[in-house]
Amino acid sequence: MSFENEPRPIEVKALKNYLIYIKFKNGEEKIYDLKKDLEYPFFSNLKDVEKFKRIKISGINIEWETGEDIAPENLYNNSKSINCYKKEELVEID
């Protein structure tokens, strides 16, 4: 399966309230809400904000130091446009 047409993340930031800012190669800026995923054991380490904020791009995925990752098609298809959020909701974690 080729992901050539799938938007790839080029920038990610951990935001408060378990939101993730993603800028894609196609220029789109979206927000992924991780809260719904935290109920699954695979993502349970990320309930710790210190671990959650250590997000990075790895190849075409985003991942954390503790091994969790999200594929680009899931990021893109399951996130909302940044315009759906108020500016005060999009606060980066220090």
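So the values come out like this:
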{"quantity": "Count - residues of segment 36-60 that are polar (S, T, N, Q) and either farther than 21 Å from F24 by Cβ or surrounded by 16 or more Cβ atoms within 10 Å (Cβ to Cβ) (or both)", "calculated": "2"}
{"quantity": "Cross-chain or 6+ apart pairs with Cβ under 7 Å, segment 66-94 first and in contact (Cβ under 8 Å) with a residue 24 or more places away in the chain, then of a type outside the set (A, V, I, L, M) and part of a helix (DSSP H, G or I)", "calculated": "E68/F42; E68/F43; E68/N45; V91/K16; I93/K16"}
{"quantity": "Neighbours by Cβ (under 9 Å, 6+ apart or cross-chain): first from segment 35-57, acidic (D, E); second not in a loop (DSSP other than H, G, I, E, B)", "calculated": "D37/Y18; D37/F43; D37/L46; D37/I70"}
{"quantity": "Number of positions in segment 61-94 that are outside any helix (DSSP H, G or I) and over 12 Å from the mean Cα position of the chain (by Cα)", "calculated": "11"}
{"quantity": "Residue match in segment 17-35 (condition: buried (at least 18 other Cβ atoms within 10 Å of the Cβ) and charged (D, E, K, R))", "calculated": "yes"}
{"quantity": "Residue check for K36: out of contact with any His (no Cβ under 6 Å at 6 or more places or on another chain) and not in a helix (DSSP H, G or I)", "calculated": "no"}
{"quantity": "Count of residues meeting criterion [at pLDDT below 90, touching a helix residue (DSSP H, G or I) at 6+ places or on another chain (Cβ under 8 Å) and not acidic (D, E)] in segment 1-14", "calculated": "2"}
{"quantity": "Residue check, N17 modelled with pLDDT of 95 or more and outside any strand (DSSP E or B)", "calculated": "yes"}
{"quantity": "Criterion violated by N17 - all others in (1) touching a residue at least 60 places away in the same chain (Cβ under 8 Å); (2) out of contact with any Asp or Glu (no Cβ under 8 Å at 6 or more places or on another chain) satisfied", "calculated": "(2)"}
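Conditions tested, residue by residue: (1) at pLDDT 95 or above; (2) farther than 17 Å from N17 by Cα; (3) touching a Pro at 6+ places or on another chain (Cβ under 8 Å).
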| position | (1), (2), (3) |
| --- | --- |
| S44 | yes, no, no |
| K47 | yes, no, no |
| K51 | yes, no, no |
| R54 | yes, no, no |
| I62 | yes, yes, yes |
| P72 | no, yes, yes |
| I82 | yes, no, no |
| I93 | no, no, no |
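The values are calculated or read from the model by the stated rules, or taken from the named source; none is laboratory data. Worth saying up front: this structure is predicted, and the values here are computed from it rather than measured. Cβ atoms come from the backbone with ideal geometry, glycine included; neighbour counts cover every protein chain shown.
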